[in-house]
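The structure appears right after this line, and notes come after that.
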Amino acid sequence: MRRPRFLRPLKIPPPSIKDPRDTRLLALLKPYRGRAQAGIGLLALPYDGATLGRKGAGRGPRALLEALRFFSSFTPPAIDLRGAEVRVFGEAVVPQEIKAAHSAAKKAASYVLGRAKVALFIGGDHSLTYPCFSAALRGASSASLVYFDAHLDLRDGPPSSGNGVRWALEEAQGRARAVNVGARPFGTAEPYFRRASELGISIIAAEEAEALGEELPKRLLELVEGSDLLYVSVDADVLDASYAPGVSSPGISGMTPRLLAKCLYALALRGPLRAADFCELAPNFDPAGITALSLAYCFAWLLAGLAGRAT
Ligand SMILES: [Mn+2]
């Protein structure tokens, strides 16, 4: 198969351990060869040209993959990722200018969505949710966008990492409803909470999410019930800064990776998941690799949900 010009090969790091009895998670990532439809398709989007704050998420995809070297494919009692073969489509070629970048991202995302049942996008700044969600929306009549984010991402202005959700919902023209999980104290200005309520966005703020604990995944599944398409977006800054210092806008009182992972697992296993993105991992602010590890952990649990769905 000839790779389209808008995709570059993505190098998958070798697993850190070689043991024939231990299938490492990274061993499940195989290049897409262009024949049969893929179950899960992976696309990297190395772009941070629309970041409002500190830049660095452009290097997020590689850091996330690097962190996955520490993961095996099994977790007790019986969760086995080997049921989730992931086809790697590559890395999108994304120009710097925002409008051109988003159109390139949308094209690459559409390409993957057309060839995989579920597409996983690894970013990249959070503006990318706009083009990727727009691509996933095709054919849907009632979509759900569940976004884990310390901020509401509804700011005024042209597309940026601070308003991907607003642009995504505008594109959907009433065909999508959104749920924010993790809005953090002092994270978003009051006018944008008003905007969220005008747009019918359900908000489960950080402290409420924590209080719900094990009940949170169930609540989310109820909120997306009846949708014909589910898009999940993960902004790494939804995690507490103790787990995720390496983001553009870190903060306290965020979620734990464990709770986020439980939500992703449930949504992937039982929700109509069509696509998910993982954004805002900025390795230049992540010297010990904690953020990459936290996000990789959440990514692994989403894969676990998809693996469980396949069997
Ligand atoms: Mn965001």
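Things worth noting here:
- Within segment 161-176, tally of residues that are outside any helix (DSSP H, G or I), more than 10 Å from the ligand (Cβ to nearest atom) and of a type outside the set (A, V, I, L, M): 3
- Hey, SER103 modelled with pLDDT of 95 or more, away from the ligand (no atom under 16 Å from the Cβ), open to solvent by 10 Å² or more (accessible area, probe 1.4 Å) and among the polar types (S, T, N, Q) or not: yes
- Against the numbered list (1) in contact (Cβ under 8 Å) with a residue 60 or more places away in the chain; (2) open to solvent by less than 10 Å² (accessible area, probe 1.4 Å), LEU239 comes up short only at (1).
- Hey, LYS106 without any contact (Cβ under 8 Å) to a residue 40 or more places away in the chain, part of a helix (DSSP H, G or I) and of a type in the set (D, E, K, R) or not: yes
- In segment 158-211, residue surrounded by the most Cβ atoms within 10 Å (Cβ to Cβ) [restricted to those that are touching a Lys or Arg at 6+ places or on another chain (Cβ under 9 Å) and basic (Lys, Arg)]: ARG166
- The condition of being within 22 Å of ALA282 (Cα to Cα) and of a type in the set (A, V, I, L, M, F, W, C) holds for only one of ALA104, ALA205, that being ALA104.
- Only residues that are open to solvent by 10 Å² or more (accessible area, probe 1.4 Å) and closer than 23 Å to GLY58 by Cα were counted in segment 258-276, giving 0.
- In segment 29-44, the residues that are within 7 Å of ALA116 (Cα to Cα) and either part of a strand (DSSP E or B) or open to solvent by less than 30 Å² (accessible area, probe 1.4 Å) (or both): ALA38, GLY39, ILE40, GLY41
- Screening the candidates SER202, SER197 for the property of being out of contact with any helix residue (DSSP H, G or I) (no Cβ under 8 Å at 6 or more places or on another chain), more than 15 Å from the ligand (Cβ to nearest atom) and small (Gly, Ala, Ser) yields one hit, SER197.
- Total residues in segment 277-299 satisfying the condition of being touching a residue at least 60 places away in the same chain (Cβ under 8 Å), open to solvent by 10 Å² or more (accessible area, probe 1.4 Å) and aliphatic (A, V, I, L, M): the figure is 1.
- Filtered by the rule that a residue be hydroxyl-bearing (Ser, Thr, Tyr) and either touching a helix residue (DSSP H, G or I) at 6+ places or on another chain (Cβ under 8 Å) or open to solvent by less than 10 Å² (accessible area, probe 1.4 Å) (or both), segment 131-157 gives SER134, SER144, TYR147.
- Just one of the listed residues (ARG219, ARG184) is touching a residue at least 12 places away in the same chain (Cβ under 8 Å) and within 16 Å of the ligand (Cβ to nearest atom), namely ARG184.
- The number of residues in segment 111-145 being under 15 Å from GLY164 (Cβ atoms) and assigned to a helix (DSSP H, G or I) comes to 11.
- The set of residues from segment 222-236 being among the polar types (S, T, N, Q) and either open to solvent by less than 10 Å² (accessible area, probe 1.4 Å) or without any contact (Cβ under 8 Å) to a residue 60 or more places away in the chain (or both) comprises just one member, SER233.
- Taken over segment 47-89, the criterion of being more than 30 Å from PRO159 (Cα to Cα) and assigned to a loop (DSSP other than H, G, I, E, B) is satisfied by PHE71, SER73, PRO76, PRO77, ALA78, ALA84, GLU85.
- Members of segment 1-32 found to be of a type in the set (S, T, N, Q) and farther than 9 Å from ARG69 by Cα, listed by number: THR23
- Pairs linking a residue in segment 14-42 that is under 19 Å from GLU91 (Cα atoms) to a residue that is surrounded by fewer than 17 Cβ atoms within 10 Å (Cβ to Cβ) and among the aliphatic types (A, V, I, L, M), with Cβ atoms under 7 Å and 6 or more positions apart or on different chains, are ARG33/MET1; GLY34/MET1; GLY39/ALA310.
The values are calculated or read from the model by the stated rules, or taken from the named source; none is laboratory data. Predicted, not measured: the structure shown is a model, and the values here were computed from it. No Cβ is skipped: glycine too gets one built from the backbone with ideal geometry, and neighbour counts run over all protein chains shown. All accessible areas refer to the heavy atoms of the entire protein, side chains included, with ligands and DNA or RNA removed. Shrake-Rupley method; radii C 1.70, N 1.55, O 1.52, S 1.80 Å.
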